[in-house]
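Contents: one structure, followed by commentary.
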Amino acid sequence: MKRRLIVVLACLAMCLTFAAVVNAGTQGSGCGTFQVDFYENAPGDTSDNNDLLITCGNQVQAGRSNLGTVNHTLPGDCQTSGGGGSSTWNDCGSSVRPWMPAGYKLCWYINSGYSGSAQQASVSGTRVTISLNDTTSSYRFRLNIEGC
Ligand SMILES: [Ca+2]
Ligand SMILES: [Ca+2]
């Protein structure tokens with residue numbers, strides 16, 4: 001009886017811990033075929049809750065043409081390497097994890113409107129570092145056979 005109680009309490013503690021981790025610093029959810037997990041921090045950096053913006057839907061809906069119009073609504077600003085914060089998701093992303101069907105890639109750009117220097121990721125479910133750190137202003141999905 002005592003052992004069963006210990007097991008139940010341990011499970012309860014783990015469940016509460018997991019729920020707290022999931023709820024901390026995530027903005028957006030409920031995705032379709034395409035999804036972008038856009039992180040304020042680099043992989044492994046959990047400071048400032050490592051805030052996460054999720055956008056999702058179809059190929060077009062999951063993109064963002066201007067992150068400067070997407071308010072950062074979580075506690076604290078979206079952190080940049082310069083030590084300052086942004087009140088929007090513009091120029092503060094440090095890593096990204098795309099989810100997409102085979103044959104697609106995610107492109108992200110230093111300017112809004114899908115322009116300026118671009119980077120890309122074509123492996124679904126893998127989180128990658130944004131090498132042009134804290135510069136991303138738009139992102140979208142493209143076919144692999146297309147340019148960004
Ligand atoms: Ca950042
Ligand atoms: Ca920018």
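Suppose every Lys and Arg Cβ carries +1 and every Asp and Glu Cβ carries -1, with no other charges. What dipole size does segment 26-143 come out with about its Cα centre, to the nearest 20 debye?
Dipole about the Cα centre, nearest 20: 560 debye.
Under a plain spin-label model, where a point goes 7 Å from the Cα along Cα-to-Cβ, how far apart in nm are Asn66 and Ser122?
Using points 7 Å along Cα→Cβ, the separation is 3.2 nm.
Per residue of segment 83-92, what does 6.51 cos²θ - 1.76 cosθ + 1.60 with θ = phi - 60° give for ³J(HN,Hα)? Whole Hz please, x for Gly and Pro, Karplus curve as stated.
With coefficients 6.51, -1.76 and 1.60, one gets x, x, x, 10, 7, 10, 8, 6, 6, 9 Hz.
At 0.36 nm per residue, and after removing the present C-alpha to C-alpha distance, how many nm does the segment from Ala102 to Asp45 gain when stretched out fully?
Full-extension gain reported as 17.6 nm.
Laboratory data are not the source of any read-out in this text; all were calculated from the coordinates shown. What you see is a predicted model; the values in this text were computed from it and never measured. Here Cβ is always computed from backbone atoms with ideal geometry, including for glycine, and neighbour counts include all displayed protein chains.
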